[in-house]
1. Right, GLY90: modelled with pLDDT of 75 or more, surrounded by 14 or more Cβ atoms within 10 Å (Cβ to Cβ) and out of contact with any strand residue (DSSP E or B) (no Cβ under 9 Å at 6 or more places or on another chain) or not?
2. When you go through (1) in a loop (DSSP other than H, G, I, E, B); (2) modelled with pLDDT under 90 one by one for ALA222, which number turns out not to apply?
3. How many residues does the range 46-65 hold that are assigned to a loop (DSSP other than H, G, I, E, B) and either surrounded by 20 or more Cβ atoms within 10 Å (Cβ to Cβ) or modelled with pLDDT of 95 or more (or both)?
4. Please determine whether any residue of the range 15-27 is modelled with pLDDT of 95 or more, in contact with a Phe, Trp or Tyr (Cβ under 8 Å, 6 or more places away or on another chain) and either under 19 Å from ALA170 (Cβ atoms) or in a helix (DSSP H, G or I) (or both).
5. For residues in the range 43-66 being touching a residue at least 60 places away in the same chain (Cβ under 8 Å) and in contact with an Asp or Glu (Cβ under 7 Å, 6 or more places away or on another chain), which is nearest to GLY77 (Cα to Cα)?
6. Does the range 174-183 contain any residue that is at pLDDT below 90 and farther than 19 Å from ALA75 by Cα?
7. For residues in the range 120-165 being small (Gly, Ala, Ser) and surrounded by fewer than 24 Cβ atoms within 10 Å (Cβ to Cβ), which is farthest from the chain's Cα centre (by Cα)?
Amino acid sequence: MPKPIPSAYYSALLSSAVYPHSVRVGKAQSVRGDGPDAAICQQLGVDVLDWIDHENGTQVAVFRWRSVPTVEIVARGTDSLQDWRANVRGRFSPRGWLGLWEEVEGRVLDAIPRRSGVCIRIAGHSLGGQLARMAALTLANQLFVRPHVVTFGAPRGCTDLQRAEIEDAASGERYESPLDPVTWLPRRVPLLGGVGSQSPHDRIPVYRIARPVGVGVGAWLAAQHSIDNYCAALTPRI
């Protein structure tokens, strides 16, 4: 069996590895994790260089691929009250998300091997995808590289200027399900104000209707947004 190499599907698996199982499948949301899933890491052939669990609620894993000289940084989505505060602040100012990333950036930089030729990938689901975009803005300048950003079900969370800066600093793939409500969320709301919202890189639609865990519209929407649904939609057809 050939060794896995970085791809959108494997980035989705790594993005699921930083969640507890109940969150992956859309059954729960604000559940703390205690580190990446060892079984997924072993399956993909990646080493965990660091697991950052910041007091602000941000959780980020730094992985090293064994098959190629690549480091992949993966941010978790919403899992705490602080994250929701950032989501709300982000509607009015991009500092809400950028501030969350800046508080963990130093430790991420410390975990990355400083060797020439190392490629940098940044991935995340939901809020983690928005953090990945913020990471691309700063890491490109810090490491003098052009990272590759892969997001799954991320909200619209960039100003026009940020979008242009991210697309200039990093290549990227943006995966969105048309049934995922989070990807519909703009930051400008009639009568409530807020700043304009954009998503960098071209949208790549994924089509799959997930079976909800539970009943009701909320459970159905959570299932469509879940990282488990994105992994299933991107599973290679053999």
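1. Details: modelled with pLDDT of 75 or more: no; surrounded by 14 or more Cβ atoms within 10 Å (Cβ to Cβ): yes; out of contact with any strand residue (DSSP E or B) (no Cβ under 9 Å at 6 or more places or on another chain): yes.
No: the conditions fail for GLY90.
2. With (1) in a loop (DSSP other than H, G, I, E, B); (2) modelled with pLDDT under 90 applied to ALA222, the lone miss is (1).
3. In the first step, residues of the range 46-65 are kept if they are assigned to a loop (DSSP other than H, G, I, E, B); the result is 54-58.
Narrowing further to those that are either surrounded by 20 or more Cβ atoms within 10 Å (Cβ to Cβ) or modelled with pLDDT of 95 or more (or both): 57-58.
Looking only at that region, the number is 2.
4. Scanning the range 15-27, I find at least one residue that is modelled with pLDDT of 95 or more, in contact with a Phe, Trp or Tyr (Cβ under 8 Å, 6 or more places away or on another chain) and either under 19 Å from ALA170 (Cβ atoms) or in a helix (DSSP H, G or I) (or both), so the answer is yes.
5. Residues of the range 43-66 that are touching a residue at least 60 places away in the same chain (Cβ under 8 Å), as a first pass: 49-50, 58, 60, 65-66.
Subsequent filtering for residues that are in contact with an Asp or Glu (Cβ under 7 Å, 6 or more places away or on another chain) retains 58, 65-66.
Values: THR58: 8, TRP65: 22, ARG66: 25 Å.
Result: THR58.
6. Taking the range 174-183 as the starting set, the residues that turn out to be at pLDDT below 90 are 181-183.
Cutting the leftovers down to farther than 19 Å from ALA75 by Cα gives us 181.
So far as the range 174-183 goes, yes, one or more of its residues are at pLDDT below 90 and farther than 19 Å from ALA75 by Cα.
7. Here is the first cut: in the range 120-165, the ones small (Gly, Ala, Ser) are 123-124, 126, 128-129, 132, 135-136, 140, 153-154, 157, 164.
Next, only the ones that are surrounded by fewer than 24 Cβ atoms within 10 Å (Cβ to Cβ) stay: 140, 164.
Working: ALA140: 17, ALA164: 19 Å.
Filtering first and then ranking leaves ALA164.
The values are calculated or read from the model by the stated rules, or taken from the named source; none is laboratory data. Since this is a predicted model, take the numbers as computed values, not measurements. Cβ atoms come from the backbone with ideal geometry, glycine included; neighbour counts cover every protein chain shown.
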